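Working notes for the structure below.
The values are calculated or read from the model by the stated rules, or taken from the named source; none is laboratory data. Please read these numbers as outputs of a predicted model, since none were measured by experiment. Note: ideal-geometry Cβ built from the backbone for every residue, glycine included; neighbour counts use all protein chains shown. Only protein heavy atoms, including side chains, enter the accessible area calculation; ligands, DNA and RNA are left aside. Shrake-Rupley method; radii C 1.70, N 1.55, O 1.52, S 1.80 Å.
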Amino acid sequence: MSLVCKNCGAVYKGKISPYSKFVKCTYCDSVIVVPSAEGPAVIPRKDFSIEQFKAFLAKRGVSSFDPVSGILRFGNQEVIVHEDGTISGSKTLKPRVEKWLHKFMSQK
Ligand SMILES: [Zn+2]
């Protein structure tokens with residue numbers, strides 16, 4: 001991502017903290033607004049139902065999910081789906097499960 005100063009057209013090459021909403025132009029000291037960075041997909045958690053998620057996975061042929069423990073096994077990989085809709089565990093499997101979870105949440 002490169003920021004361009006609207007005042008003098010210079011490209012801002014300094015550091016941009018992921019939390020800062022604006023930076024100052026190195027050349028003319030004008031304020032450059034930092035477009036809000038795309039963070040990780042936020043999953044609405046309030047109506048997450050682990051039982052429904054199990055049914056959703058079963059429809060996709062994934063039957064190795066145990067809603068009681070929240071453990072989902074895939075080969076020798078394992079992740080835990082928590083009741084609040086967060087996922088922890090295998091780094092390889094996690095993005096896949098997150099995708100499913102995202103699909104599951106967005107179909108409502
Ligand atoms: Zn400038």
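Electrostatic bookkeeping for Val79 treats Lys and Arg as +1 and Asp and Glu as -1; over the other residues with beta carbon under 11 Å from its beta carbon, the sum is +2.
All alpha carbon pair distances within the chain were sorted into 5 Å bins beginning at 0; the resulting P(r) in whole percents reads 2, 11, 19, 15, 9, 6, 7, 8, 10, 7, 5, 2, 0. Between Cys8 and Glu78, the contour length at 0.36 nm per residue exceeds the alpha carbon distance by 19.9 nm. Given the protein chains as shown and a 1.4 Å probe, how many square angstrom of Glu51 are accessible, to the nearest 10? Answer for Glu51: close to 110 Å² accessible. If one takes the longest principal axis of the Cα atoms in the chain, at what angle in degrees, from 0 to 90 and to the nearest 10, does the Cα axis of helix 50-59 lie? Approximately 80 degrees, to the nearest ten. Once the Cα atoms are used to define both axes, helix 94-106 deviates from the longest principal axis of the chain by about 90 degrees. Probing with 1.4 Å while keeping every protein chain in the model, the per residue accessible area of the chain equals 72 Å².
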